[in-house]
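I have a structure I would like to understand better, so I am pasting it below and will then ask my questions one at a time.
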Amino acid sequence: MATGRTSFSEGTGVSASLGLDRAVGRSGAILGAVANRLDIEDLKQRLLRHDLYERLTGVGAVRAFMEVHVFAVWDFLSLLKALQQRFTCVEVPWIPRGDPEIRRMINQIVLDEESDVGPSGAAASHLELYLDAMRTVGANVRPIESFLKELESGNSVEEALAHVAAPVAVSDFVGSTLRFVGGPSHELAAAFAYGREELIPPMFVQVVAQLAEPSAEAWEPFRYYLQRHIERDDEVHAPLARKLVARLCASDAQLWSEAQAAARASLQARLALWDYVSATIATG
């Protein structure tokens, strides 16, 4: 299946440095071992074969998808920032904290996710790119914008979700993410690597394929967002995230078992969210 893949990293200033690329390359043997440690293929296949993708055939369906998925885009960034807080120093005065290679891996992903380059060349987070795409195609951004304002006002995530009347499926999904944020580091990293980063590239390939027909100019910002994720996550972020899990679990069988449980829980939460979106589109 052709995806029209284009390299957006050339000239953007956000591509991985030569040193980082070499670090990822040196970890090839580790990543191969990691792939065999976690029993998650059944859940990944259920997600990749989900009937949701077949329903993304019309403008209304894709808008409905975006209006729910945007909350997952937001909480993905929260998951990433939790990793950054856990493994790097974000306080003043600054002191060197933890493993320098882990710091570099996480900060590289943060650079892309929090201040990537948009279609116009201006810097933007992936959430901001997504919101711009939603506005362009006429999707409803009021719930997510109201949610963000609630957070800015000092309300908790749970309070903010309640105030904007978020669907139960969205609240459950965000709640699962927050449980990882408060949990052990190797479980947090596993949820990030296997429930988010590793899954995003093949999952979004299917969404891009569904958008091939309605090729109106209005959909280009969303296609750019999806293609950008495919470009960065597949080639840079996913290998880094898996390497992070490998470094944290090392040869400890108990840690790997707990990482697997976290990865499976994250994938199951995504399945539940996809079930909800699919049902909403089918009955809408």
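We did not get these values from a lab; they are worked out from the coordinates using the rules stated. Treat the numbers as computed from the prediction; the structure is a model and nothing was measured. Counting neighbours? That spans all protein chains shown, and the Cβs are built from the backbone with ideal geometry, glycine included.
Between the DSSP loop rule and a limit of at most 14 other Cβ atoms within 10 Å, which chymotrypsin sites (Phe, Trp or Tyr not before Pro) in region 51-146 are left?
The qualifying sites are 94.
Quick one: if you stick a label point 7 Å off each Cα along the C-beta vector at residue 275 and residue 42, how many nm between them?
It is 1.5 nm.
About its Cα centre, what dipole magnitude does region 210-269 give when the only charges are +1 on Lys and Arg Cβ and -1 on Asp and Glu Cβ, stated in debye to the nearest 20?
Values: 7 positive and 9 negative charges, 62 e Å.
My answer is approximately 300 debye.
Along the Cα-to-Cβ line of residue 115, 7 Å from the Cα, sits a label point; which residues in region 65-83 have backbone N less than 16 Å from it?
The answer is 81.
Something else now. For region 50-283, what relative contact order do you get, as a whole percent, if you take Cα pairs closer than 8 Å and at least 6 residues apart?
30
Picking from 211, 165, 186, whose Cα lies most toward the positive end of the charge dipole for region 143-212 (charges on Cβ: Lys, Arg +1; Asp, Glu -1)?
Of the listed residues, the answer is 211.
So for region 50-283, considering every pair of alpha-carbon atoms, how many percent are separated by more than 31 Å?
Values: 5688 of 27261 pairs.
Summing the P(r) tail past 31 Å for region 50-283 gives 21 percent.
Quick check on region 157-250: what are the equivalent-ellipsoid semi-axes from the Cα gyration tensor, as sqrt(5λ), descending, whole Å?
Gyration-tensor ellipsoid for region 157-250: 27, 23, 9 Å.
By the scheme Lys and Arg +1, Asp and Glu -1, what is the net charge of all other residues having a beta-carbon under 12 Å from that of residue 173?
Residues near residue 173 contribute 0 overall.
Please identify the trypsin sites (Lys or Arg not before Pro) of region 75-175 that satisfy two criteria: DSSP loop assignment and at most 15 other Cβ atoms within 10 Å. Which are they?
Those that pass, being in a loop and sparsely packed, are 97.
Would you list which lysines come within 23 Å of residue 44, measuring only between C-alpha atoms, while excluding same-chain residues fewer than 8 positions from it?
Once the sequence-local lysines are set aside, what remains near residue 44 is 243.
Moving on to the next point. Which ³J(HN,Hα) values in Hz, rounded to whole numbers, follow from the phi angles of region 118-123 under the Karplus curve 6.51 cos²θ - 1.76 cosθ + 1.60, where θ = phi - 60° and Gly and Pro get x?
Once rounded to whole Hz, the list reads x, x, 8, x, 7, 6.
Measuring from label point to label point, each 7 Å out along Cα→Cβ, what is the residue 217 to residue 99 span in nm?
4.9
Once the dipole of region 50-283 is set up with Lys and Arg at +1 and Asp and Glu at -1 on Cβ about the Cα centre, which of 237, 144, 87 lies farthest towards its positive end?
87
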